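Below: one structure, written as structure tokens.
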């Protein structure tokens with residue numbers, strides 16, 4: 001299982017662009033590349049998936065146990081030639097003082113060498129103490145190579161290579177020069193999602209070509225660890241004779257925020273995932289349940305509003321008792337109206353509230369939720385607490401009448417700082433994004449709920 005963790009000294013060093021360029025460059029050589037992304041994120045993994053040609057999976061200390069992280073790396077890397085784990089923030093950055101959830105901790109846990117991407121703008125000799133400090137700070141972390149980024153030219157690169165060779169024993173694997181072609185347009189939550197960018201394949205090819213010409217891929221592959229991991233296989237979450245249920249899932253430019261391992265968990269629990277397009281389809285497919293994930297409905301609000309036939313079909317289905325789950329952007333779509341930058345658009349209208357976009361985040365980061373008695377899905381742990389995360393610039397306003405909430409927010413914001421998870425009929429809609437982990441096997445619970453509703 002050769003693997004590498006791509007990290008940096010600090011965020012915004014260009015490691016995401018370098019990572020997807022490496023994924024694409026290695027894939028173009030015929031290698032099976034398995035990408036991973038540390039932490040809660042949808043957009044970077046969508047680009048990494050596109051670059052590698054394989055679904056990118058998230059590794060998150062907050063939602064996953066150490067055993068689950070190792071199992072995920074082992075399971076999804078089993079048939080890969082190399083795995084690339086893209087870190088978040090800097091190598092030693094994290095929530096805790098002891099660094100227990102840092103990129104360095106992930107590298108140590110998974111026995112993975114680190115490639116450090118360094119933004120070299122304005123640096124010459126000063127890069128040596130930076131590297132030496134990172135190398136000595138935690139001797140258990142194996143910094144196997146350096147990729148210099150944002151270089152000013154060949155002369156700048158030569159100086160830095162000489163300094164690093166003189167003062168350190170870490171090889172320089174590549175030198176990436178400053179180039180507008182390496183940039184990807186950003187939105188308020190990061191890069192524009194690849195499912196909204198019609199030129200995504202061309203952009204990845206362009207970045208891949210630049211990386212191939214400026215990074216020694218043979219040297220990169222030589223630094224990858226081949227140390228095996230002991231892991232457990234992922235198990236099917238349902239009995240062999242359980243009824244398969246059809247789950248309609250919105251997959252289009254407006255809604256694309258789904259964790260691949262959660263989708264795998266739904267399938268293992270007995271779901272057949274039936275995709276539909278909220279922008280172009282005029283009716284729902286033949287389904288037993290509905291899942292509308294996150295995304296950027298505000299960027300497609302007029303097209304969503306114009307598709308009145310599908311909105312009516314969704315509203316009627318939920319009002320008539322179709323089991324449904326909606327996260328963040330999906331919940332926004334189910335409210336009465338969406339407002340952004342003095343523009344307004346009518347949405348589905350199941351949830352008696354209006355969605356308003358704000359200039360600043362209304363909820364961002366990790367959350368903890370405690371189930372209430374209103375939580376609709378079957379469970380063996382009533383009122384259990386679990387970890388999730390939220391990223392939303394919108395809020396719900398003009399809420400009509402009392403609502404039932406499935407969750408009490410013990411950390412984070414949710415809908416109003418206290419509650420999340422609106423329950424209407426058999427709909428559960430929340431701002432929080434859930435992960436299917438041992439803390440909370442939501443996929444199995446949702447599928448069991450759909451089966452119960454159809455029995």
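Structure notes:
- To the nearest ten degrees, helix 43-52 and the longest principal axis of the Cα atoms of the chain are 60 degrees apart.
- Extension gain (nm, one decimal) between residue 98 and residue 360, 0.36 nm per residue minus Cα-Cα: 91.3 nm
- Counting every other Cβ atom within 10 Å of each residue's Cβ, 255, 296 order from fewest to most as 296, 255.
- Gap separating the Cα centres of region 32-74 and region 313-367, nearest whole Å: 28
- Potential lengthening between residue 399 and residue 284 on full extension [0.36 nm per residue; Cα-Cα distance subtracted]: 38.7 nm
- Surface/4 of the Cα convex hull for region 245-454, nm²: 10.3
- Extension gain, residue 416 back to residue 137 (0.36 nm per residue minus Cα-Cα distance, nm): 96.3 nm
- Structural descriptor for the chain: relative contact order 13 percent, calculated from alpha carbon pairs under 8 angstrom and at least 6 residues apart.
- Rounded FRET efficiency, nearest 0.05, which uses the C-beta distance separating residue 303 from residue 246 and R0 of 35 Å: 0.85
- Computed E for residue 213/residue 343 - FRET, C-beta separation, R0 45 angstrom, nearest 0.05: 0.55
- Reported label for calculated Cα Rg over 2.2 N^0.38 Å given (1) 1.02; (2) 1.12; (3) 0.97: (1)
- Considering only beta bridges that DSSP places wholly inside region 315-429, some 80 percent are antiparallel.
- For 1, 331, order by how many other beta-carbon atoms lie within 10 Å, fewest first: 1, 331
- Relative to the longest principal axis of the Cα atoms of the chain, the long axis of helix 200-214 makes an angle of roughly 20 degrees.
- Spin-label model, residue 165/residue 183: points 7 Å from Cα along the beta carbon direction are separated by 3.3 nm.
- Principal-axis tilt of helix 15-28 within the chain, Cα atoms, nearest 10 degrees: 80
- Residues 261, 438 arranged by fewest to most Cβ contacts within 10 Å: 438, 261
- Antiparallel bridges, percent of DSSP beta bridges restricted to region 287-372 (to nearest 5): 35
No lab work stands behind these numbers, since they all come straight from the coordinates. Values in this document were obtained by computation on a predicted structure and should not be read as measured data. With ideal geometry, Cβ positions are generated from the backbone for all residues, glycine too; neighbour counts draw on all protein chains shown.
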